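What follows is one structure encoded as structure tokens, with my remarks underneath.
The values are calculated or read from the model by the stated rules, or taken from the named source; none is laboratory data. On a predicted model such as this, the values are computed, not experimentally measured, just so you know. Cβ atoms come from the backbone with ideal geometry, glycine included; neighbour counts cover every protein chain shown. The accessibility values were calculated without ligands, DNA or RNA, using every heavy atom of the protein model including side chains. Shrake-Rupley method; radii C 1.70, N 1.55, O 1.52, S 1.80 Å.
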Amino acid sequence: MEHPNSARRGSGLCPTDLELLASPLDFLSEDHLRERQICTIIEQLAAADALDRPLALTVLRFLNEELNVHMRDEAEDLFPLLSRRCTDEDSIDSAISRIRAEQDEAMCLLPETRLALAASLDTGADLTAAGRAVLSRFARRVRRHLVAENAILLPIARARLTPADQRKLSAQMRSRRGLPPFRETSNAE
Ligand SMILES: [Fe+2]
């Protein structure tokens, strides 16, 4: 699927450009780049002597606003489509189970990660040793989860999802963000 406009790609330094929703698998791939970039910032925050407030706010905003939407894109739209389209030899259900377990392992640290950042931002104090440890563990687990999604899920999705599936995925992801579907130019499957 071609991008209808010149969407920004490749940096992960800002929220994924909504124009990329025309190509939903590219959008998810770009979201992963964004997640990796945030992991790098989290690791910087955990290692720094003094709290970098703008960076801490960037991470907190990402955790509060972007991450949940991305996880819903996958859990509610991508995973069910993949389960329907894939063959037994893809072993997609076991891959999805493994990936969800890794995601759960990362996300169970999300409340503590948020709390550590919010407490430092509120008080102006540097991160505690315990807060730094939580941030480092969270970033490590998210990175491990991303490797599996990029190496297994997205390549299978690119191979198995039909153009119609991808249009449906695009429409669902746009709807989640309060956007109408792109106008279709062809009914071809
Ligand atoms: Fe993901």
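Miscellaneous remarks
- Members of the stretch 84-98 that are open to solvent by 80 Å² or more (accessible area, probe 1.4 Å) and within 16 Å of the ligand (Cβ to nearest atom): ARG98
- All positions within the stretch 39-73 that are within 16 Å of the ligand (Cβ to nearest atom) and without any contact (Cβ under 8 Å) to a residue 60 or more places away in the chain: PHE62, LEU63, GLU65, GLU66, LEU67, ASN68, HIS70, MET71
- Given (1) touching a Phe, Trp or Tyr at 6+ places or on another chain (Cβ under 7 Å); (2) under 20 Å from LEU33 (Cβ atoms); (3) at pLDDT 95 or above; (4) aliphatic (A, V, I, L, M), number of the condition ALA106 does not satisfy: (3)
- Among the criteria (1) modelled with pLDDT of 95 or more; (2) more than 14 Å from the chain's Cα centre (by Cα); (3) closer than 20 Å to ARG143 by Cβ, the one GLY10 does not fulfil is (1).
Conditions tested, residue by residue: (1) touching a Ser or Thr at 6+ places or on another chain (Cβ under 7 Å); (2) touching a residue at least 40 places away in the same chain (Cβ under 8 Å); (3) open to solvent by less than 30 Å² (accessible area, probe 1.4 Å); (4) under 24 Å from ASP73 (Cα atoms).
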position: ARG100; (1), (2), (3), (4): no, no, no, yes
position: ALA129; (1), (2), (3), (4): no, no, no, no
position: VAL142; (1), (2), (3), (4): no, yes, yes, yes
position: LEU154; (1), (2), (3), (4): yes, yes, yes, yes
position: THR162; (1), (2), (3), (4): no, yes, no, yes
position: SER170; (1), (2), (3), (4): no, yes, yes, yes
position: ARG174; (1), (2), (3), (4): no, yes, yes, yes
position: LEU179; (1), (2), (3), (4): no, yes, no, yes
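- Residue check for LEU115: more than 14 Å from the ligand (Cβ to nearest atom) and either closer than 19 Å to ARG176 by Cβ or in contact (Cβ under 8 Å) with a residue 24 or more places away in the chain (or both): no
- Residues of the stretch 22-38 classified as within 13 Å of the ligand (Cβ to nearest atom) and either farther than 28 Å from ARG167 by Cβ or of a type in the set (Ser, Thr, Tyr) (or both), total: 2
- Residue check for SER136: closer than 18 Å to ASP77 by Cβ, open to solvent by 30 Å² or more (accessible area, probe 1.4 Å) and of a type in the set (Ser, Thr, Tyr): no
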